[in-house]
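Participant: Once you've had a glance at the structure underneath, I'll fire off some questions.
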Ligand SMILES: Cc1cc2nc3c(=O)[nH]c(=O)nc-3n(C[C@H](O)[C@H](O)[C@H](O)COP(=O)(O)OP(=O)(O)OC[C@H]3O[C@@H](n4cnc5c(N)ncnc54)[C@H](O)[C@@H]3O)c2cc1C
């Protein structure tokens, strides 16, 4: 029954699409709230259209350019809501294979996902396509795997130019690099740090991933099943280093990307990098900035900071608190890093005061875990046979706007479970919120990637008065004190600026030019019109993993799940360009985006 219904619907959808019947396709969607999320397959972009008008708009723009969609199979899925029928389907266009998921209500689509999976003729060499690895016959001048790896190391970036250059060998650059390797895009990754994995190793000593293991796998190579739920940061660094080696990624470490400029005539970048004292010019066609969502440190200019006699540093430079026992430490900021560092300082017998300027969304890690254990990334899901790639598609089949009610429901459930905790926290004077519309961390992460704390213990220390909190701004810094706008003077030996990071397009300004950064506009954020995420509504993360207003320039990053999932979409877009596959884009990026924010 379910199979028939999903099958009937998707066949009707394909028939109307293939007839370029925009109104016919739209009529298959619910009248009112409905969404079509397309990841590359139809739009050669990452887009979500909303309402029947949005659906018709997408069909009108793309149907003739994409050509017929053929449905190659359907698989029903268990309903996740009463009265809802849902299921998977596979499809092909003339150039790619895709996978999708549809949720039907009263026979009409509430949500539809169309997601590209592979380019026809450029399939990855996995499974039955895996290479032989050996030549079982006598060969003069036999070339071994090592010979081939050494040749690439000697030539790539010198006599052979990479088609794609990825700046940044964090999890983002590595996940994308692995996809590129498999799909056959000659790619060089550069990173300023000495060893792959150092971006995690160099973070504060006490840090463990905040997300549990089921959500954190990199593409192709999942963590073994004895891996701890929350990975310690150095273990993560080692995993990344091993991953780069196993996936045979071509990486130059200790290499700083200094400058990049686009040559419109050659349609190539000129990228200046410094490696081992040598200045090298690279000429890739595609440039990916995987330089980190939390990249450029933001340190406020506070009068008198230069006169401070103690130690002061940005949270990303926190050396570990062992040396600060007995010291009076002021942590400026009240989000995740501020809490983690304050807890680390407390554990090492420091005297800690946190300065909070605006409310923080605080959710206990243990409560998130309760929710996660019921979700697609959990041991229960693994036991039920759900593969990570399918979990990714299921989660991403839900458009951002449609996630908000569930985020709110979860947030309200957590407020009830943890009522006593929040009462204690409120009594301590700590200011917290659940986001402007109670979408809590889910909302804040996608909109601004800041403003929250996943509580792993520091909130109890605040509630118990072990970590003191003061509110308001910092007016000035003196030789041995931090003076607040309230007039209070806090004696200080150490100041930690847990004041966050600049926007990702700051990387474009730093490495390319202000003009290009302005042309691209803001990265990240959905256009929700909430704090730090100005409208208009876009429905997808701005400029991430999709074409930007600058030819040949891409942004990649985010948490592990985003790096894993969207690296496929970015790799497919780049491979298509390399192979000359037509990529007719729906809503090509324009310069009419919100201006670069500070
Ligand atoms: C304290 C903290 C905790 C976090 N916890 C989690 C978590 O639990 N789970 C999760 O999924 N995410 C977490 N994140 C968020 C995010 O996943 C990480 O920031 C992650 O490291 C991002 O990976 P990335 O590859 O995008 O960037 P990064 O890891 O920041 O890597 C960027 C790389 O680019 C290099 N680079 C930058 N500029 C240049 C240049 N000009 N030339 C050469 N190289 C350059 C840097 O050296 C760096 O290695 C956390 C972030 C922070 C700050």
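Participant: Could you identify the single residue in 552, 558, 521 that is buried (at least 18 other Cβ atoms within 10 Å of the Cβ) and within 14 Å of the ligand (Cβ to nearest atom)?
Facilitator: 558
Participant: In the range 484-507, what residues are modelled with pLDDT under 95, away from the ligand (no atom under 11 Å from the Cβ) and surrounded by 23 or more Cβ atoms within 10 Å (Cβ to Cβ)?
Facilitator: 503, 505 - these are the residues of the range 484-507 that are modelled with pLDDT under 95, away from the ligand (no atom under 11 Å from the Cβ) and surrounded by 23 or more Cβ atoms within 10 Å (Cβ to Cβ).
Participant: Taking the options 172, 133, 121, 100, name whichever one is assigned to a loop (DSSP other than H, G, I, E, B) and closer than 30 Å to residue 386 by Cα.
Facilitator: 121
Participant: Could you please tell me which pairs satisfy a Cβ distance under 9 Å, a separation of 6+ or placement on different chains, a first residue in the range 240-265 that is farther than 14 Å from residue 177 by Cα and free of Cβ contacts under 8 Å to residues at least 24 places away in the same chain, and a second residue that is away from the ligand (no atom under 16 Å from the Cβ) and in a loop (DSSP other than H, G, I, E, B)?
Facilitator: These pairs meet every condition: 263/283.
Participant: Quick one: in the range 272-302, which of the residues that are within 11 Å of the ligand (Cβ to nearest atom) and part of a loop (DSSP other than H, G, I, E, B) is surrounded by the fewest Cβ atoms within 10 Å (Cβ to Cβ)?
Facilitator: Ranking the qualifying residues of the range 272-302, first place goes to 296.
Participant: If you don't mind, there's one more thing I want to ask. Among the residues of the range 244-269, what is the count of those that are assigned to a helix (DSSP H, G or I) and either within 12 Å of the ligand (Cβ to nearest atom) or not assigned by TED's automatic domain parsing to the domain that holds residue 281 (or both)?
Facilitator: Here the count works out to 1.
Participant: Pairs, please: C-beta under 7 Å, at least 6 apart or cross-chain, first residue under 15 Å from residue 54 (Cβ atoms) and in the range 12-29, second at pLDDT below 95?
Facilitator: Close Cβ pairs (under 7 Å, with a partner that is at pLDDT below 95) do not exist here.
Participant: While we're here: What number of residues within the range 320-377 are within 14 Å of the ligand (Cβ to nearest atom), part of a loop (DSSP other than H, G, I, E, B) and at pLDDT 95 or above?
Facilitator: Matching residues across the range 320-377 total 3.
Participant: Take the conditions outside the structural domain of residue 70 (by TED's automatic domain parsing), loosely packed, with under 10 Cβ neighbours inside 10 Å, within 29 Å of the chain's Cα centre (by Cα) and closer than 26 Å to residue 561 by Cβ and apply them to residue 127. Does it pass?
Facilitator: Against the criterion (outside the structural domain of residue 70 (by TED's automatic domain parsing), loosely packed, with under 10 Cβ neighbours inside 10 Å, within 29 Å of the chain's Cα centre (by Cα) and closer than 26 Å to residue 561 by Cβ), residue 127 qualifies.
Participant: In addition: Among 47, 25, which is in the same structural domain as residue 94 (by TED's automatic domain parsing) and either more than 20 Å from residue 105 (Cβ to Cβ) or surrounded by fewer than 24 Cβ atoms within 10 Å (Cβ to Cβ) (or both)?
Facilitator: Checking each option against the conditions leaves just 47.
Residues checked against (1) at pLDDT 95 or above; (2) more than 30 Å from residue 456 (Cβ to Cβ); (3) within 16 Å of the ligand (Cβ to nearest atom):
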residue: 151; (1), (2), (3): yes, yes, no
residue: 159; (1), (2), (3): yes, yes, no
residue: 164; (1), (2), (3): yes, yes, yes
residue: 170; (1), (2), (3): yes, no, yes
residue: 174; (1), (2), (3): yes, no, yes
residue: 190; (1), (2), (3): yes, yes, yes
residue: 205; (1), (2), (3): no, no, yes
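Participant: Same structure again: Filter the range 412-435 down to residues that are in contact with a strand residue (DSSP E or B) (Cβ under 8 Å, 6 or more places away or on another chain) and either at negative phi or in a helix (DSSP H, G or I) (or both), then give me how many there are.
Facilitator: Qualifying residue count for the region: 12.
Participant: Answer yes if at least one residue in the range 537-556 is modelled with pLDDT of 95 or more, touching a strand residue (DSSP E or B) at 6+ places or on another chain (Cβ under 8 Å) and part of a helix (DSSP H, G or I), and no otherwise.
Facilitator: no
Participant: Which of the numbered conditions does residue 515 fail, given that it passes all the others? Conditions: (1) modelled with pLDDT of 95 or more; (2) touching a strand residue (DSSP E or B) at 6+ places or on another chain (Cβ under 8 Å); (3) over 30 Å from residue 351 (Cβ atoms); (4) surrounded by fewer than 22 Cβ atoms within 10 Å (Cβ to Cβ).
Facilitator: Condition (2) is where residue 515 drops out.
Participant: Also: Just checking, which of 425, 416, 386, 461 is over 30 Å from residue 115 (Cα atoms) and surrounded by fewer than 18 Cβ atoms within 10 Å (Cβ to Cβ)?
Facilitator: Answer to the check: 416.
Participant: Moving on. Out of all the residues in the range 131-180, which are touching a residue at least 12 places away in the same chain (Cβ under 8 Å) and over 30 Å from residue 291 (Cβ atoms)?
Facilitator: Those that are touching a residue at least 12 places away in the same chain (Cβ under 8 Å) and over 30 Å from residue 291 (Cβ atoms): 133, 145.
The values are calculated or read from the model by the stated rules, or taken from the named source; none is laboratory data. Keep in mind the model is a prediction, meaning the values are calculated, not measured. We place every Cβ from the backbone using ideal geometry, glycine too, and count neighbours over all the protein chains shown.
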